[in-house]
C-alpha cells in the first residue's frame, strides 16, 4: 500500500502539463500534428492515408462502444483467415515444428506430474519455455482433451494432424490473444493517448494499425505461437506504469518473463525505469523495497506449483537418480540428494537450464542480426563459443547502455516506448541465440509509438511502417517454408496500403508544406523498399548459384540487419530528442538546421 | 459531398485482400461444378456442351454463362491444364483453387463498376445514402458466404443486374438496360423471376409514350425488339439450329426436383411444411385425416416429391399461380407510375414473390430480394424499417450453407459485423419519411431482431450441448428457416405497405 501513494500522483501531474496546450485544438478538429486530414484547396478535405478514410465516418460523435467492437471484429476476421493457411511443421515428420511443440507441451503437462515436465524425453520437443507457458499449455490441453482425448494422448499423439485439432489450436491462440493482448493494448492506448493529448479519433486509427501489424499476425496465427500472450502481458505492464501502479507493472512483467524468456529483451529498460522512479527526483526507499518484494513474490508464485510438486516423495526419488543440471552441479554447497531442498533446487535449476539454452550456438539459421551479418564475411565459428558469448554480451551491453542510462535518469513514462524499442533492437542485433521471430519484440514498442503524440504524423508513420514491412520481410524465408507466402504478401501489402506507404502511395514522402521527412530518411526508406522488391524478384525468378544455395536468404538477412541497425539508431535518436529538457522543440530545431 | 469515404475502390481492395486469404477455406460442390464446366467448355465442341454427362454436375446454365466459362478456361489453361480435363472429377490442385477463387474476385469488379455508376447516377442530396448502400452491397455477407467461401459467381452477375437497373434510370439508356438484362437472362435464368418487372417497365416507359398509353413509340419498340431478340438469337440460335432446344430446356429447368430444397429456404413453403409437421402430433385430437404415406416417407418431403401428412399437397401449378399473382400486384402500380424508384420496388417485390412462393427455391435466391432492395432501402426510414428484418433473416438463413468448423467464426463474425455496421449507418443516413411510420411494425421489427441472438446461440452452440452432434439435427435448421421465413414474410408485407402508400 505504501508505495502506491507516491506513485499515484505522478501521471496526473504529467497529464496536466502535457494536455493543457492542446485542449483548445482537440475540441473541434483532430490534432494537426497528426496530419490525418489533407486540405487540398477549396476547403476540400481528404484523408491522408487509406486507414483514415476507413474511419472517416468516425471523426466525431461515434461512440467507442461501436468503433471498438467493429475494429476487434475486423482484425479478428483477418487473424482467423490467416489461420486457415499452413502452420509450422505441417506434414514434416519426424520433428514437425512449433505447432507440434506447443501441442506436445499440452500433451505432456496434462499427463505427467509437474516434476517430470522439464525432464520428460527432452530430445522430442522437451519443454523449454518458462512455467507460465507450461501452465497455459496445461489449461489448453485439459480443455482440448475434454473435446477429443486423442489429440493429446501421451506419446501416441505425437505428430498428430487433424483439421479439427488445427482449428482447436488456432482458436486457443485467438482466445488467448483476445483475453490478454487485445484488452492490454486497448487499455494501454486509451491511457497513453489521453496522457499524450491525442484525439480519440487518432487513437482509433492507431489501434487498427497496431492490431493489424503484419509480423505478429503472421507468426502467431500463421506460423503458430503464443507470442501475443507475452507481448500482451508486457503491454499490460506498461499500462500499469502509465496508471502509476508500479507493483502491478512488476507483476505483469514477471508474467511476461514467465511466459516467454524472450521478454528479457525488455528487462533492462523495465529495471532501469523502476529503479529510476525510486531514485529521481528524490530517493524513495519504501517504493524500492515494495518493488523488490513484489517482484520476488511474483517469481515465487510463478514457480510455486513446480516447486511444491518437487517436494513429493516420488519427485525426490526421481531427482535423486537423475543427471543434475549444470547449474546445480556448480553450486558451491553440497546438498543431500534425498532431501526436499535438493528436490526443490533441482527443479528450479533444471527449469532455468531448460529455459536458457547457453549450450546452443551464437545464432540459428539465418537471422538478420549483426552476428549473422559479420559471419557472412568473416566466419565466426573459428572462435570458441565462450569467447563469442562474451563478445555478444559485451556488444549487447554497449548497445543498450545509453538508453538504459537515459531512462534511469529520466524515468518518464513517455520515454518508455522509444527506450524499449531501442533496447530490444540492441538485443536483437547483438545478443546470443536470436530467432527471426524475435523481431516481434522490438516491433511492438515501436509500433505503439503510432498512438503517441504525433504518432500518425508522416515521420513516425513512415518509420514504424517501414520497420514493420522490413520485419515481416526478413521472416519471409521462414514463412515461405510453411506455405504462408500468400498471407505474407496479403498482410504486409495491406499494412503498407493502409498506412500509406510505397508501393501504394508516395503521399507520405511527398512535400506538402508543413513537417516533412528529411531527405536522408527518404533516401534510406526508398533504397530499402527498392531492395526488398528487387530481392523478391530475384528470389522468385532467379535460381541462386549452385555453390551458394543460400545466397538469397543470406542477402535477406544482410539487408535486414542493416535496416534494423538503422531502426535502432532511429529509436535511440527519438529517445535522446524526447529526453531533452523541454522536449519536442530541440528536435524540431535540429530538424530545421538539417534541412538548411 | 466530401463524405464519400471510404471509397468503393478502397473497400474493394481491402475486401479483396481478405478474400484472397480465404483461398484455402471450405468450398462446396459448386466449386467442382464450375471446374467441370471449365473443362467441358474448353475441351468439347459447342454442340456437345449440353449433352456431356461424365460428371453428375452437368451444364445447367444458359449459353452465355457457358461462354463465360469458356473464356475463363482459356486463361485456366495457363494456370493448370489438368483442371480442364473432363475426366478429372473432383480435381482441386492448388493452382485450380487459386485460379477459380481469383476469377470470382476479379469478375466481381463488374459489381464495383456497377455500384460506382449507381452512386454517380444518384442526385446530390441522396449521394451519401447511395454510397452507403453500394458499400453494403459490395461487402454483403451474402456474396461473401456464397461467392467467396461456398463458391459461385453471383457478384459478377448481380453486377450486371445492377448495371442494367442503373441504366434504366435515364430515358436515354433504357435500351441498353433492356439489352443488358437480356444478356443477364442468357447467363443465369434465375433472373427470369424479375423479368416481368422489366417487361412492364420497358413497355410502359420505353415503348409507349409516357403521357398516354395509347400512343406507342414504334421506333423504340423496333429497336428494343430487335436487340432483345438478337441477344436471345445469339445465345440460343446455334442450339436451335442443331435442334437442341428441348435438351437445353430439360437441362435448364429440371422439374423433377421437389417443392423445397434439401435445406428449407425461408419461404412460405417452409412455414407450410413446418405447420404440417407441427400438426402431426395434434391430428388425432383435432380429428384430421393423416396421410400415412407421408409419415413413412424417408425424405419427409425434403427432397424429391414433397408429401404432406395433413395439409393439402402443393403442385407446381399452384406455386406458379401464386408467384404470378403476387408478382402482378406490384406491377399494376408500376404500370401506372413508371418511375425508377417504383421500378426498383417492383423488381424487389417480384423477387419476393418468387422467393416466397416459387418451386424448389434455393436459399441463395434471397439475394434476388436483398440486392435490389438495398438500392432503395435508404429512400427513407419506412423503406429502411422494412429492409431491416430482411437483412437479418436473409443473411442468417444463409448460415447452413457453411457447416464446417473452420468457417463457422468467419460467417458469424462477418455477418454480425455487417449487420451492426450497416444497420447503424443506415439508421443515421436514412431520411425521415414524409408519411408517418407504423409504430407497431417498428416495434415488432425490433423484437424480431432481438430474438435472433438467443436463436443463433441455441442453433450454433446450445443444441449440440443439449442433444449432442447426432440427435435431432434437423431441429436447429427448422428453427432457423422458420425464424427467417417469418422475417422475410414480415419484411415483404411491410414493404408492400410502403410500396403502395409511397
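None of the figures in this text is laboratory data; all of them are computed from the coordinates on show. From a predicted model like this one, the values you see are computed outputs, not experimental measurements. Don't worry about glycine lacking a Cβ; one is built from the backbone with ideal geometry, like all the others, and counts go over all protein chains shown.
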- On a C-alpha basis, how far is the centre of the range A:117-150 from the centre of the range A:383-461 in Å? Whole number, if you could? 31
- Alpha-carbon Rg with Dmax, taken over the range B:28-107, Å: 11.2, 31
- Query: Which value in deg cm²/dmol, rounded to the nearest 500, describes the helix-derived mean residue ellipticity at 222 nm for chain B, given -39,500 (n - 2.57) per DSSP H run of n ≥ 4 and division by the residue count?
  - Reply: -20000 deg cm²/dmol
- Note on the structure: By the Cα gyration tensor axes a ≥ b ≥ c (a/c under 1.5 gives rounded; else a/b larger than b/c gives prolate, otherwise oblate), the shape of the protein assembly as shown is prolate
- Inter-chain Cβ neighbour average for residues B:401-407, partner chain, 10 Å: 3
- Extension gain from residue A:547 to residue A:337, taking 0.36 nm per residue of separation minus the Cα-Cα distance: 70.2 nm
- Message: Quick one: the Cα spread of the range B:106-262 along its three principal axes, in angstroms, biggest first?
- Response: 52, 48, 30
- Helical contribution to [θ] at 222 nm, DSSP H n ≥ 4, -39,500 (n - 2.57), averaged over chain A, rounded to 500: -20500 deg cm²/dmol
- Task: Round to the nearest 0.05 the FRET efficiency obtained for residue A:538 and residue B:172 when R0 = 41 Å and r is the Cβ-Cβ distance.
- Result: 0.15
- Query: Across 5 Å bins from 0, what is the distribution of all Cα-Cα pair distances for the range B:376-502, in whole percents?
  - Reply: 2, 10, 19, 21, 17, 12, 8, 6, 3, 1, 0
- Query: Any idea what the alpha-carbon Rg over 2.2 N^0.38 Å comes to for the range A:98-173?
  - Reply: 0.98
- Task: Using Cα pairs closer than 8 Å and at least 6 residues apart in sequence, work out the relative contact order for chain B, in percent.
- Result: 16
- Query: By its C-alpha gyration tensor, with a ≥ b ≥ c as the square roots of the eigenvalues, how is the range B:320-392 shaped: rounded for a/c under 1.5, else prolate for a/b larger than b/c, else oblate?
  - Reply: oblate
- Item | Ranked by how many other beta carbons lie within 10 Å on average, peptides A:326-337, B:203-214, A:452-463 from highest | A:452-463, B:203-214, A:326-337
- Message: Taking 8 Å as the Cα distance limit and 6 or more residues as the minimum spacing, I'd like the relative contact order of chain A as a percentage.
- Response: 18
- Message: Quick check on packing: order A:247-259, A:218-230 by the mean number of other C-beta atoms within 10 Å, highest mean leading.
- Response: A:218-230, A:247-259
- Message: Relative contact order for the range B:377-502: what percent, with Cα pairs under 8 Å and sequence separation of 6 or more?
- Response: 49
- Item | Ranked packing of A:566-573, B:361-368, most packed first, by mean Cβ within 10 Å | B:361-368, A:566-573
- Message: Can you compute the modelled spin-label distance between residue B:274 and residue B:221, with each label point 7 Å from Cα toward Cβ, in nm?
- Response: 4.8
- Item | Size descriptor, Kirkwood hydrodynamic radius, that averages inverse alpha-carbon separations across chain A, Å | 25.4
- For chain A, find the longest principal axis of its Cα atoms and tell me its angle to the long axis of helix A:181-196, 0 to 90°, nearest 10. 40
- Task: At a temperature of 20 °C and a viscosity of 1.002 mPa s, determine how fast the range A:311-355 diffuses translationally according to Stokes-Einstein, using the Kirkwood radius over alpha-carbon pairs as Rh; express D in µm²/s, rounded to the nearest whole number.
- Result: 207
- Per-residue average of Cβ from other chains inside 10 Å of A:49-60: 4
- Any idea how far the Cα center of the range B:456-502 sits from the one of the range A:365-379, in Å? 61
- Query: Any idea how far apart residue B:77 and residue B:460 come out in nm if each label point goes 7 Å out from Cα toward Cβ?
  - Reply: 4.5
- Task: Mind running the shape call on the range A:281-398? Use the C-alpha gyration tensor, a ≥ b ≥ c as the square roots of the eigenvalues: rounded below 1.5 for a/c, prolate if a/b tops b/c, oblate otherwise.
- Result: oblate
- Query: Using alpha carbon centroids, what distance separates the range A:523-542 and the range A:475-495, in Å?
  - Reply: 15
- Partner chain Cβ atoms within 10 Å, averaged over the residues of A:497-504 - can you pull that number for me? 1
- For residue B:443 and residue A:409, FRET efficiency with R0 = 41 Å and r from the beta-carbon atoms, rounded to 0.05? 0.05
